[in-house]
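The values are calculated or read from the model by the stated rules, or taken from the named source; none is laboratory data. Note that the structure is a prediction, hence the values are computed from the model and not measured. Neighbour counts run over all protein chains shown; Cβ positions are idealised from the backbone, glycine included.
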Amino acid sequence: MPETDLVLFLEAAVRLGVPLALAAMGEAITERSGIINIGLEGSIIGGALGGALGALATGNAAAGVLAGAGAGLLVAMVFALFSIGLRTDQIITGTAVTLGGLGLTGAVYQARFGATGTALTLPTLAPMSVPGLSQIPWIGSALFDQAPTAYLSYALAPLLWYYLFRTAWGLELRAVGEAPDAAQAAGVRVRWVRFWATLFGGALAGLAGAHLALAHAGTFAENMSAGRGFIAIAVVVLGRWNPLWVLVAALLFGAASALQFLLQALGLDLPYQLFLALPYLLTLAALAGWVGRSRAPAALALPWPKER
Amino acid sequence: MTPVLASLRGLVRRFGSVTALAGANLEVFGGEVHGVLGENGAGKSTLLGVLGGVVRPEEGELEISGQPVELRGPRDAWRHGVGLVHQHFTLVPSLTVLENLSLGRDAGASGFALPQTRVRPAAERMMARTGLSVPLDELVEDLGVGDRQRVEILKALLREPPILVLDEPTAVLTPAEVDSLFDLLRELARQGRAVVLVAHKIEEVLAVADRVTVLRRGRTVLTSERGGVDPHRLVRAMVGEDAATQTAVGLGAATGGVVGEASGGLLAGEVVATLDGVRANRASGAAALVDVSLQIRRGEVVGVAGVEGNGQRELALLLTGRLSPPAGVATVPDGVGFIPQDRTVEGIVGEFDLVENMALALHDDPDAGRGMWLDWPWIRQEAEAVRSRFGVVAPDVGARAEGLSGGNQQRLVVGRELRRARDLLVAENPTRGLDVAATAFVHAEIGRITSVEGGPGVVLLSTDLDEVLALSTRLLVMTGGRLLEVPEGSRTREGIGRLMLGGLQPDV
C-alpha cells in the first residue's frame, strides 16, 4: 500500500474522530451525573449553525467556535429545564430536542440564506501544525496537523479524567449519577450538579458542531450533523464513561468512517455503502462484546427526585 | 445552664392519607443524649427527618440555637450543624468507603483538592477513637449491613456536628460495638453537643439517654428525665394505656430481660434441608463458608449468632436455593420462606402495591392459580390476611409498599414469608426495625409455626443475641465461615460472645 494512502487515512480518521470525541466526552460527563442527553444531536446541529452564523458575523472562525459552543449550551439548557427542572422523561425529551433542533436550524438557515441551497462560504478554522510533533512518521501529521479543536479534545480527555476521579467535584458528580438520594443526604445539590453537567455536555457538542461547519466542511448544510449525536452516545458506552477511553473510542470510530477512503484508494471494487455502514456495525459489535462487562451509572435516565 | 440547641414545636406532616406527625414536639439541650421512643409508624423517623432537613413539615416551628430556621434540604441541615444518620442507608454503593466518607464535605471551597487524602487520616483517627472499624478502600456494595451502618455513623461523626441525630443506629451492631458507640455518644454530649437517638430497644435508650421523648401516632406523649421513668411507664406511653396490658409479655423479650428456651421444637421431625461439607466463596474469591454441615428438621429453630459478615449471607443464599456451592452438597426444599436482611432490596418492590408484593412470593403456590393465570382475588385475600394479622398500617392493600414506614414494610415481609414457609423459613434479623409489640409478635409467630404438626424448620440468622437466645432450640455460632455448636453450658450472652470473638480472624 502506498505510504501516502495510509497517512491520508490516518488524517481522515482523526478529522472525523474529533467531533465525535468532543461530543462524547461532554456526554460522558453528563451521563456520569445520571442524565442521558439524547438531544445531543440537537446541540451539535445548533453548534454548527451557531458557529457558521458567528463566523459570518465576525469574520473570525475562532469567534464562530465560541458561538457554536454557546448555541450547543442553549439547546442543552432546553433539555435540562425540562428533564431536570420538570422531571420529564429523558428519552422523549431528548428525542424532541433533537428533532426540534434539526428542524429549527433548517428553518433559520433557509430564512437567512434562502431555500436555493447556495453553498455558504465560511471563514474556516485552518489546521495548525505543531512544530516537531507533526514530523513524526506516519502519525505525526494525522495527530498534530489538525484544527485547534483537535488539540482541545486531546487536552480535555486527561483534564476531565482528573476532574472525575481525583477531585471532590468529580466525586460529587459520580455520586449524583449513582445514588442521588445518598448524594443529597451528604449535602450535594443534586439538580444543580446535573444541570451544569448537562450544559457542559451541550457546550462540547456545540463545539463539535462548530468544528464540523468551520474546520471540516467550511459551510453549513441542513442535517449536517448526520447522526453524530447518536454515535457519540454509543462512543460513551464503548469508552465506559471514562474520558480517556472515550477519546480512544472516538478515534476508533473516526478510523472506521475513514476506512471508506482507504479502501477506495486501494481500488477494492465494493459498494461504498458497505463502508458507510461500518461504524454502525462496529457500534453493535462493541456493545455486544467489549462493553458487555461495563456498567452505566446506576441512576442514569431516572427522573429525580422520585416523589414530589 | 445548658442551652436549647434545637426546638421543634407543633409539627404536622402527612404522606398521602397517612398522618405521620400530628403535632409533635421535641426539645434538645446541648450536653444531653436524648432518646426518642415510639412504635412503628409513631412518627420517629419523620420527626428526625424534619430535624435533618429531609422532611419538610406542613405546620410547626423549628428553631436551632434559638434562631427560627427553615431547612430546605440536608445541605441546609448540615450548615446549621445537624448531622443525621439515616435508618435506611444513604451510601453510594459503587463508591469506596473512603469516597463515601469524603462526599459532600466542604467541596465548594476546595473542589480541586484530593478529598480522599484529606479524609483518610481523619477517618482513621475517628475509627481508632470510636472502635468502629471499616475497610476504607472496599466498595460499599461489597459490605454487609453491619459495616454499612458503621460507615453511616462514621460519615456523620466525621463532620463533628453540634447536633447529631441517629435513627436506629444499633440494630445491626454487635453488643460490644453498641457499648462503644454509646460511650462515644456520651463523650460527644460531654463536649456540649446534643445527641438525638432512636433505638428500638427501650433498655438501650435508657442505658444511654439523659432524657426521653415518647411519640404515639405522631404526637409527643411524654418527655422526661431518665430518672423519672421506668420501662413499664414508657411502654404504656408508647402503646397507650389500654393496649399496655396486652403487650406486657413482649416487653421482657424485647428489653433483653428474658433468656431461655422457646417452647417449640420439642417435636423436631423429618429433615427438610441438609448441607454436607459445603464451601462457598465471596465474589472476591475469598472463602465465605468453610466445610459447613447442617441438618434442619421440621419444628426446630436453629439460631445462628455471629458478627455480620462471617458467612451468614452465603448460608442464607444457600438455604434459599440462590447459590449452588462449588464444593459439597446442599439439599433444600421447595417451600422456603425468606426474610432478608434488607427488605428494600430483596423483600419488596416499592412501586408495587401490597397485593402485587404478595403475588411475588406466592405466585408458585398451588392455590395461587393455574398455569400462567393468577387467582388475584385469592392473592388479595392473602394480602388482607397478612395486613390484618400482622397489623400492617396501610390505607388498604392497594397502597404502594414504598409508602409504608420501615417497620410496616417489615411486618408485610415477615407475614408473607411465614405464610410461604411450608418447609423452611430462613430469617435474617427478622425483627430489625420493629417495635416492642411487633417484635414480640414475630417471635410468637415463629414459635407458633414451629410448634404445629408438620410445621417448617427455621434458621434464624441474627446479630441480636437476646433474640437468638430466646427463640432457638439449637444454637450455633458462625465465625470465619464455620458453624460452631454452642454447648449447653455456654448458652449465655458471655458464652456466645466468646465463641463469636474466637473466630474474628478466619484461618483460611
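So B:Arg419 passes all but one of these: (1) touching an Asp or Glu at 6+ places or on another chain (Cβ under 7 Å); (2) of a type in the set (D, E, K, R); (3) within 26 Å of B:Thr46 (Cα to Cα). Which condition number does it fail?
Evaluating B:Arg419 over (1) touching an Asp or Glu at 6+ places or on another chain (Cβ under 7 Å); (2) of a type in the set (D, E, K, R); (3) within 26 Å of B:Thr46 (Cα to Cα) leaves (3) as the failure.
Identify the single condition in (1) within 13 Å of chain B (Cβ to nearest Cβ); (2) within 20 Å of the chain's Cα centre (by Cα); (3) more than 30 Å from A:Leu276 (Cα to Cα); (4) not basic (Lys, Arg) that A:Phe195 does not satisfy, given that it satisfies every other one.
With respect to (1) within 13 Å of chain B (Cβ to nearest Cβ); (2) within 20 Å of the chain's Cα centre (by Cα); (3) more than 30 Å from A:Leu276 (Cα to Cα); (4) not basic (Lys, Arg), A:Phe195 is out only on (1).
If you take the residues of the range B:402-429 that are assigned to a loop (DSSP other than H, G, I, E, B) and in contact with a strand residue (DSSP E or B) (Cβ under 7 Å, 6 or more places away or on another chain), which of them is surrounded by the fewest Cβ atoms within 10 Å (Cβ to Cβ)?
Within the range B:402-429, the subset assigned to a loop (DSSP other than H, G, I, E, B) is B:404-405, B:421-423, B:429.
Subsequent filtering for residues that are in contact with a strand residue (DSSP E or B) (Cβ under 7 Å, 6 or more places away or on another chain) retains B:421, B:423, B:429.
Details: B:Ala421: 24, B:Asp423: 19, B:Asn429: 24.
Checked the range B:402-429; the qualifying residue surrounded by the fewest Cβ atoms within 10 Å (Cβ to Cβ) is B:Asp423.
Quick check on B:Leu184: is it at pLDDT below 90, more than 14 Å from chain A (Cβ to nearest Cβ) and farther than 25 Å from B:Arg9 by Cα?
yes
Give B:Gly53, B:Gly104, B:Gly43, B:Gly60 a once-over and let me know the one that is farther than 22 Å from B:Arg9 by Cα and small (Gly, Ala, Ser).
When all the criteria are applied, what remains is B:Gly104.
Considering only residues that are of a type in the set (Gly, Ala, Ser), under 28 Å from B:Leu157 (Cβ atoms) and touching a Lys or Arg at 6+ places or on another chain (Cβ under 8 Å), which ones fall in the range A:177-200?
First, the residues of the range A:177-200 that are of a type in the set (Gly, Ala, Ser): A:177, A:179, A:182-183, A:185-187, A:197.
Adding the requirement that they be under 28 Å from B:Leu157 (Cβ atoms) leaves A:177, A:179, A:182-183, A:185-187.
Across the range A:177-200, the qualifying residues are A:Gly177, A:Ala186, A:Gly187.
Hey, can you tell me all the residues within the range B:306-329 that are farther than 22 Å from B:Val140 by Cα and surrounded by 22 or more Cβ atoms within 10 Å (Cβ to Cβ)?
Result: B:Leu318, B:Leu319.
Can you list the helices (runs of 4 or more DSSP H) lying wholly within the range A:73-187 that have 1 or more residues being within 14 Å of another protein chain (Cβ to nearest Cβ) and among the aliphatic types (A, V, I, L, M)?
A:148-166, A:168-178, A:180-185
Looking at A:Gln184, A:Gln135, can you tell me which residue is over 20 Å from the mean Cα position of the chain (by Cα) and surrounded by fewer than 17 Cβ atoms within 10 Å (Cβ to Cβ)?
Checking each option against the conditions leaves just A:Gln135.
Against the condition of a type in the set (Val, Ile, Thr) and either at pLDDT below 85 or over 18 Å from B:Gly299 (Cα atoms) (or both), how does B:Val458 come out, does it pass?
no
Condition check ((1) closer than 22 Å to B:Gly144 by Cβ; (2) of a type in the set (Ser, Thr, Tyr); (3) within 23 Å of the chain's Cα centre (by Cα)) across all residues:
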| position | (1), (2), (3) |
| --- | --- |
| B:Pro333 | no, no, no |
| B:Gln341 | yes, no, yes |
| B:Ala383 | no, no, no |
| B:Ala401 | no, no, yes |
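Across the range A:36-45, what is the number of residues that are under 23 Å from A:Ala213 (Cβ atoms) and part of a loop (DSSP other than H, G, I, E, B)?
Result for the range A:36-45: 3.
On the basis of being among the β-branched types (Val, Ile, Thr), within 14 Å of chain A (Cβ to nearest Cβ) and crowded, with 18+ Cβ neighbours inside 10 Å, does B:Ile163 make the cut? Can you show your working first?
Numbers: among the β-branched types (Val, Ile, Thr): yes; within 14 Å of chain A (Cβ to nearest Cβ): no; crowded, with 18+ Cβ neighbours inside 10 Å: yes.
No.
Out of B:Ala399, B:Ala385, report the one residue that is free of Cβ contacts under 8 Å to residues at least 40 places away in the same chain and surrounded by fewer than 23 Cβ atoms within 10 Å (Cβ to Cβ).
Only one candidate qualifies: B:Ala385.
Any residue in the range A:26-35 that is under 17 Å from A:Leu204 (Cβ atoms), modelled with pLDDT of 95 or more, part of a helix (DSSP H, G or I) and small (Gly, Ala, Ser)?
Yes.
Where in the range B:9-92 are the strands (runs of 3 or more DSSP E), entirely inside, with at least 3 residues that are more than 14 Å from chain A (Cβ to nearest Cβ) and crowded, with 17+ Cβ neighbours inside 10 Å?
Qualifying strands (runs of 3 or more DSSP E): B:18-29, B:33-38.
Does B:Leu469 satisfy the condition of being more than 27 Å from B:Arg279 (Cβ to Cβ), in contact (Cβ under 8 Å) with a residue 60 or more places away in the chain, surrounded by 20 or more Cβ atoms within 10 Å (Cβ to Cβ) and not aromatic (Phe, Trp, Tyr)?
Details: more than 27 Å from B:Arg279 (Cβ to Cβ): yes; in contact (Cβ under 8 Å) with a residue 60 or more places away in the chain: yes; surrounded by 20 or more Cβ atoms within 10 Å (Cβ to Cβ): yes; not aromatic (Phe, Trp, Tyr): yes.
Criteria met by B:Leu469.
Which number in (1) at pLDDT below 95; (2) of a type outside the set (Lys, Arg); (3) surrounded by fewer than 24 Cβ atoms within 10 Å (Cβ to Cβ); (4) assigned to a helix (DSSP H, G or I) marks the one condition that A:Val14 misses?
Here A:Val14 clears every test but (3).
Pull out all pairs, ordered by first then second residue, where Cβ-Cβ is under 9 Å, the residues are six or more apart or on different chains, the first lies in the range B:49-75 and is within 18 Å of B:Phe29 (Cβ to Cβ), and the second is polar (S, T, N, Q).
B:Glu61/B:Ser7; B:Leu62/B:Ser7; B:Glu63/B:Ser7; B:Ile64/B:Ser7; B:Gly66/B:Ser7
Report whether or not B:Glu124 is in contact with a strand residue (DSSP E or B) (Cβ under 9 Å, 6 or more places away or on another chain), more than 12 Å from chain A (Cβ to nearest Cβ) and of a type outside the set (S, T, N, Q).
Spelling it out, it is not the case that B:Glu124 is in contact with a strand residue (DSSP E or B) (Cβ under 9 Å, 6 or more places away or on another chain), more than 12 Å from chain A (Cβ to nearest Cβ) and of a type outside the set (S, T, N, Q).
When residues of the range A:232-258 are filtered for being in contact with a Leu (Cβ under 6 Å, 6 or more places away or on another chain) and closer than 26 Å to A:Ala52 by Cβ, how many remain?
Filtering the range A:232-258 down to residues in contact with a Leu (Cβ under 6 Å, 6 or more places away or on another chain) leaves A:232, A:235, A:243, A:249-250, A:253-254, A:256-258.
Filter once more, so that each one left must be closer than 26 Å to A:Ala52 by Cβ: A:232, A:235, A:250, A:253-254, A:257-258.
Qualifying residue count, the range A:232-258: 7.
Give me the pairs: first residue in the range B:163-180 and over 15 Å from B:Asp466 (Cβ atoms), second residue surrounded by 20 or more Cβ atoms within 10 Å (Cβ to Cβ) and β-branched (Val, Ile, Thr), beta-carbon distance under 6 Å, and six or more apart or on different chains, which are they?
Close Cβ pairs satisfying both conditions: B:Ile163/B:Val82; B:Leu164/B:Val195; B:Val165/B:Val196; B:Leu166/B:Val85; B:Asp167/B:Val198; B:Glu168/B:Val198; B:Pro169/B:Val85; B:Pro169/B:Ile153.
Please indicate, with yes or no, whether at least one residue in the range B:104-115 is out of contact with any Pro (no Cβ under 7 Å at 6 or more places or on another chain) and modelled with pLDDT of 90 or more.
no
Select, from B:Arg380, B:Arg432, the only residue that is surrounded by 16 or more Cβ atoms within 10 Å (Cβ to Cβ) and either under 14 Å from B:Gly347 (Cα atoms) or without any contact (Cβ under 8 Å) to a residue 24 or more places away in the chain (or both).
Among B:Arg380, B:Arg432, only B:Arg432 is surrounded by 16 or more Cβ atoms within 10 Å (Cβ to Cβ) and either under 14 Å from B:Gly347 (Cα atoms) or without any contact (Cβ under 8 Å) to a residue 24 or more places away in the chain (or both).
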